[in-house]
Amino acid sequence: MTGSASWGPSRSGYSGRRARQRLRRIWLAAALGLATALGAMDVAAADATLISFLVAPPIVAAIGTRPRSTMLVGAYSVAVAVVLGVPDHVFFHREHLVRVGVVALGAGLGTWIAFVRRGEWAARRRYALVARVGEITQASLDPEVMVIEVAKLAASELADWCFVFLRDDGGGVRQVAAVHEDPERQRQAWELLVRYPLDLRRDEGPAAVIREGRSRMYREVDDDVLRAISQDDENMKLLRALGMRSAMVVPLAARGRVLGAMAMATAESGRTFDEADLAMGETLAARVAVALDNAELYVRLSRAESGLRASRDELQAILDGVADAVTAQRPDGQLVYANHAAVRTLGFDSVDELLATPVDDIVSRFEYLDERGEPVALDELPGRRALAGQRSPEPMLVQFGRRGVPGRSWVRIKAEPVVDEDGKPILAINVMEDVTEVHKATEAQRFLSQASAILASSLDYKATLANVARLAVPRVADWCAVDVLENGEIKHVSVAHSDPAKVEVALDFQRRYPVDPNLPTGVPNVLRTGQPELTPHVPDELLVDSAPDEFWLETVRSLGMRSAMIVPMVARGPRMLGAITLVSAESGRRFDEEDLALAQELAGRCALAVDASRLFRDRDQIRQTLQESLLPAELSQPPGVEVAGAFKAVPGEGYELGGDFYDLFETGPGTWGAIVGDVCGKGPDAAKLTAQARYTLRTSAMRELSPSRILAELNEAMLRASDDKRFCTVLYVRLELAGDTARLCFSSGGHPLPVIVRAGGEIEEVGEPGTLIGVVPDPDLEDEVVELGPGDAVVLYTDGLTDASAPDVVWDPEELVSRVRSAGARSADEIAKSLLNSVEDSSERSRPRDDSSALTAGRA
Amino acid sequence: MPIGLETVEREGALRLVLSGELDFSTAAEVETRLLAVEVDDPSPPHVVVDLRALRFIDSTGLSLLVNAYNRARAAGRRLTIVSGRGPARRILETTGLLDRLGVVEDEDDERPQGAG
């Protein structure tokens, strides 16, 4: 701030003061010279009358010097007048005394004049100073520049030093000016202030003034004062170096706020401030403070104004930039504002054109349909509701389109009323958000997930494909046809249209015109190449060119085909499964790449479903084959005993392999081994163990007679296979046939016990259950014996039989057997088969819970 | 086939209360929970598997119980199976496991008979 060497703007700067001082000295010298000259002339002329002329020098001095100098000149003149009485020989004569009296009178008059002049001059000077400050503050200067100018003025007219401190927004204080005539001293002061910024906690000086808002005067700046304002010894040393003699600090206060302080001090001039100086300082400070305050207010005002303008422009830019159509509507419906998007949406070329069009004309160009495609009454639109006084009416999703033009957009309309002071709506602000893409995407996803649900509902893929085709119309297309490739032949699976009569026409058409697999376009082409076909627009020429005869052309024309796409269904492999044809007719929609993508996604899901259903079918076949391989294909028949085995897998697809097994084999002359078992759990691992258990039992039975020991061997074998935490229940029966007797020796390892059916009809369960095989090293296994008389039969089974309807019903095996017997089952084969069938019939579940097996042996 | 699974702590024992049907389709879930209990606290003083509310249990469910029992024994933990009088008891009886697994019929029998 203060680096400038020029003190320009100040008219009465330092140079002026120095010139005035010089002038005063010259004037003083002249007055003294005049008195001396008069004295010399008097001596030379020896005429006492000349003494009277000594009255002139004080008067001359009064005009050009200060009162002090005038007094000096006056005293000198009186002294000269007294001394001149000696050479003139009139010393202390009456005449001499009169002349000295005249000179003394002149000296007094001069002094008086000098005092009066000084007072006038001081007043004038003050007035000039205040006027100058006014000029500075009114010039549209930067507040800081203004402060510096005033400080310069104060430093030249009122003091030797002037410092200005201003409060900043952050509650601190910054030094704005430190002015002295000498740039070198000024730099010194500035460095001091930079090094020791004003500490607001000081008890004296600017800090105290800013804090209290009251002026402080230091007539004599002594060490006590310096100590009170300095922060440490170094600070004090530097302050002392400024050479301040007398000082005053005045607050810069406006509207009750202290904005800062102005400190002035005398130094080399040696002046001592008085009350008048303080009053002057305060006046100056008040002017500056008001100017600062105004400047701040102005800045705030202009900031606020520019902010307001900016935000208005910004709002306009934002509204024009948003993709949503925004309009403002008067209570009579007329539009008073529309952004660019609204102009576009409503099909106008400019805002002015739109606003100039009567609202009824605009409205009549469009139709609004709700989500179900029903027309929406205008009064239901949110904008109308808002104008009717409703606050934040429910946003509405409507299909919106120009009358007579195909294609609809989906818009979400929101509205909010603007109300006057009485709460009466004066405007409705409408926002129309174009959600066509979102809506399409949502609809597409919904459609796809519904299609997936249909596809997952059944493994009968032809039925599900037909359902999917029905789902597709009219949401995705007006027509949907599905064809599959079966053994290289194209088979129509389904044709769907929302009008059954039209479907009939299409079916008739398909019968009449079988597909030529060599067609270069259409379904045969898509199936051949695996590439989809999209025909956004089907021109009549295309139909004419493709028509084999007039009826074909007529029929196809009557369908009103507009746009078509054919997408392939490709399974893993890749294997071509078929194609889906989607046709747009009466809806007038044109398929685009997005529609094609949706169709391809649909075809992909269909392909997956068809593939899965084939896989499940294959897997089910494998499962059944495997399960059956675990059971003997044909049971050997011991003499005199009829044996029958039956197994029923849980019907249907997707079920896991069960662990049921049974077997019958000859172990020696007249002895047979029969086993029925169930490995805990399901799946391929269970099936593997089933086979192992069966062969382990067969091997043991060759060496060992006791059923319990045979089971114990199996138990050991299973415990040894420690990696496999599986168990099984097994019933082993040794059948001994000797002559007329048949004896059953058996042991159960946690398996349901044998049921004996006596020839007389009694039915009993025999034996005691042993321990599950594969759990403990010392299972409880007992051999039990039961005789089988003529006509008696034994039924061995797995718990799938009794648990089929669990948990609702758990069958009692005896009751089951008695039921099949009373239904007429007599032979072992009949009993076994009827048992399993009865289970299925009586089951209240859609299918039995588990596989079930029965092995029966009956004596003739 | 739904399975209900509830874990409660009572009298220093961690109780796993099963309800519904424990079979091939639900056993995995129960096994996971059981393993989680074992992993969370390798040495809970006492784990009780309460089967009284089970409406059905098949051989897969049975395997689960046997395996849990064997694991507990190997880890020196106390595991009590409360069978109730329903289907769980029936299958445990048929397979000869009532004594082998230290099965108790009711809660009150837990302490005197508690196997570990």
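Every number in this text was worked out from the coordinates using simple rules, so none of it is lab data. Keep in mind it's a predicted model, so treat the numbers as computed, not measured. Cβ coordinates were reconstructed from backbone atoms using ideal geometry, including for glycine residues, and neighbour counts include every protein chain displayed.
How crowded by other chains is B:86-99, given as the mean number of beta carbons from other chains within 10 Å of each beta carbon? Walk me through the intermediate numbers first.
Numbers: counts 2, 4, 0, 0, 3, 5, 2, 2, 11, 16, 16, 9, 2, 2.
Across the residues of B:86-99, the mean count of other-chain Cβ atoms within 10 Å is 5.
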Ignoring GluC sites (Glu not before Pro) buried by more than 16 other Cβ within 10 Å or outside DSSP loops, the longest site-free run in chain B is B:12-104
One finds, for A:Val435 and A:Val810 with R0 = 41 angstrom and r their Cβ-Cβ distance, a FRET efficiency to the nearest 0.05 of 0.10
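Under the 0.36 nm per residue contour assumption, what length would be gained going from the current alpha-carbon distance of A:Ala823 and A:Leu105 to full extension? Walk me through the intermediate numbers first.
Values: separation 718, 0.36 × 718 = 258.48 nm, distance 16.79 nm.
In short, 241.7 nm is gained.
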Whole-number value, in Å³ per residue, for the convex hull of the alpha carbons of the range A:630-859 is 111
Dividing the mean separation of Cα pairs under 8 Å (6+ apart) by the residue count of the range A:440-620 yields a relative contact order in percent of 24
Filtered hits (lysines, Cα-Cα < 24 Å from A:Lys491, offset >= 8 within chain) -> A:Lys462, A:Lys502
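Ignore the peptide's own chain and count Cβ atoms of other chains within 10 Å of each Cβ in A:847-858; give me the average, rounded.
Working: counts 0, 0, 6, 5, 0, 0, 0, 0, 0, 0, 0, 0.
For this peptide, the per-residue mean of nearby foreign Cβ atoms is 1.
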Here the range A:46-57 yields Karplus 3J(HN,Hα) values (6.51, -1.76, 1.60; θ = phi - 60°; whole Hz; Gly and Pro given as x) of 6, 10, 5, 5, 5, 4, 4, 5, 5, 5, 6, x
The helix A:500-512 Cα axis meets the longest alpha-carbon principal axis of chain A at an angle in degrees, between 0 and 90 and rounded to 10, of 60
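Using Cβ contacts closer than 10 Å as the measure, can you line up A:Phe509, A:Phe591 from fewest to most? Walk me through the numbers before you get to the answer.
Working: A:Phe509 15, A:Phe591 22.
The order, fewest Cβ neighbours first, is A:Phe509, A:Phe591.
Considering Cα pairs under 8 angstrom that are at least six residues apart, work out the relative contact order of chain A and quote it in whole percent. Walk me through the numbers on the way to the answer.
Values: 1547 pairs, mean separation 46.0, N = 860.
Worked out over chain A, it gives 5 percent.
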Between A:Leu259 and residues 5 or more places away or on another chain, the pairs with built amide H atoms under 5 Å apart involve A:Leu252, A:Ala253, A:Ala254
Once phi for every residue in the range B:18-29 is put through the Karplus expression 6.51 cos²θ - 1.76 cosθ + 1.60 (θ = phi - 60°), the whole-Hz ³J(HN,Hα) values, with Gly and Pro written as x, are 9, 9, x, 10, 9, 9, 3, 7, 10, 4, 4, 5
The range A:230-290 and the range A:743-806 have their Cα centres apart by a whole-number Å value of 121
Filtered hits (aspartates and glutamates, Cα-Cα < 15 Å from A:Lys424, offset >= 8 within chain) -> A:Asp332, A:Glu416
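What average number of partner chain Cβ atoms lie no more than 10 Å from the Cβ of the residues making up A:771-781?
4
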So the pair-distance distribution of the protein assembly as shown, from every Cα-Cα distance in 10 Å bins, comes to percents of 2, 8, 10, 8, 7, 8, 8, 8, 7, 7, 6, 5, 4, 4, 3, 2, 1, 1, 0, 0, 0
Expressed as a whole-number percentage, the relative contact order of the range A:630-859 with C-alpha contacts under 8 angstrom and at least six residues apart is 24
Extension length gain for A:Glu374 and A:Arg528 (0.36 nm per residue less Cα distance), in nm, is 51.1 nm
Filtered hits (lysines, Cα-Cα < 20 Å from A:Lys833, offset >= 8 within chain) -> A:Lys648
Quick calc, A:Ile26 & A:Arg214: beta-carbon distance into FRET formula, R0 35 Å, rounding 0.05, result 0.20
Over the range A:506-611, the quotient of the Cα radius of gyration and 2.2 N^0.38 Å is 1.11
Ranked on Cβ counts within 10 Å of their own Cβ, fewest leading, A:Leu252, A:Leu34 go A:Leu34, A:Leu252
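Please give the calculated 222 nm ellipticity per residue for chain A, where each DSSP H segment of at least 4 residues contributes -39500 (n - 2.57) and the sum is spread over every residue; nearest 500 deg cm²/dmol? Mind dumping the intermediate values first?
Working: 25 runs with 394 residues, N = 860.
After summing the helix terms and dividing by residue count, I get -15000 deg cm²/dmol.
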